[in-house]
Amino acid sequence: MRTTHGSKVFADNIPAQDAVSVARLRASGAVLLGKTTTPEFGHKPEPVSPVSGRTYHPTHPDRTPGFSSSGAGVAVAAKMGPIALGSDGGGSIRIRRPVAAWSA
């Protein structure tokens, strides 16, 4: 499964092995549906990626979700699956901000 890190530099990257968290999920029988978007390299303070564009909240289109795990938060909010794997170094799965708060 492609792992782009939100960057066009890794647009065709397919890792040789799963991350530890993903390997543990697979080992426990989890069915992985796919990957979601992240800002480039997961460090930008806004949910936008050169690979997939801006991430918007599915039920509040005037708002945008947090940062590096914005796609994971949106996937759960959109009921694409019951859970999503996301990291939260600075609020990425807890923040919901007005779109106007971000630069164009």
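The values are calculated or read from the model by the stated rules, or taken from the named source; none is laboratory data. Owing to the predicted nature of the structure, the values given are computational and were not obtained by experimental measurement. Here the Cβ is made from the backbone with ideal geometry for all residues, glycine too, and neighbour counts use every protein chain on show.
Is it the case, given these coordinates, that residue 68 is part of a loop (DSSP other than H, G, I, E, B), modelled with pLDDT under 80 and buried (at least 16 other Cβ atoms within 10 Å of the Cβ)? Here the answer is yes, as residue 68 does meet what is asked.
Among the residues of segment 15-42, how many are exposed (fewer than 13 other Cβ atoms within 10 Å of the Cβ) and either within 17 Å of the chain's Cα centre (by Cα) or of a type outside the set (A, V, I, L, M, F, W, C) (or both)?
Going residue by residue through segment 15-42, those that are exposed (fewer than 13 other Cβ atoms within 10 Å of the Cβ) are 15-17, 19-21, 23-24, 26-34.
In the following step, the residues that additionally are either within 17 Å of the chain's Cα centre (by Cα) or of a type outside the set (A, V, I, L, M, F, W, C) (or both) were identified as 15, 17, 19, 21, 24, 26, 28-29, 32-34.
Final tally of qualifying residues: 11.
The residues of segment 24-57 that are closer than 12 Å to residue 85 by Cβ and not in a loop (DSSP other than H, G, I, E, B), listed by number, are 24, 25, 26.
For every residue, the table says whether it meets (1) modelled with pLDDT of 75 or more; (2) among the aliphatic types (A, V, I, L, M).
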residue	(1), (2)
1	yes, yes
9	yes, yes
15	yes, no
18	yes, no
47	yes, no
59	yes, no
75	yes, yes
96	no, no
102	no, no
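Looking only at residues in segment 71-84 that are part of a loop (DSSP other than H, G, I, E, B) and more than 12 Å from the chain's Cα centre (by Cα), the one that is surrounded by the fewest Cβ atoms within 10 Å (Cβ to Cβ) is 82.
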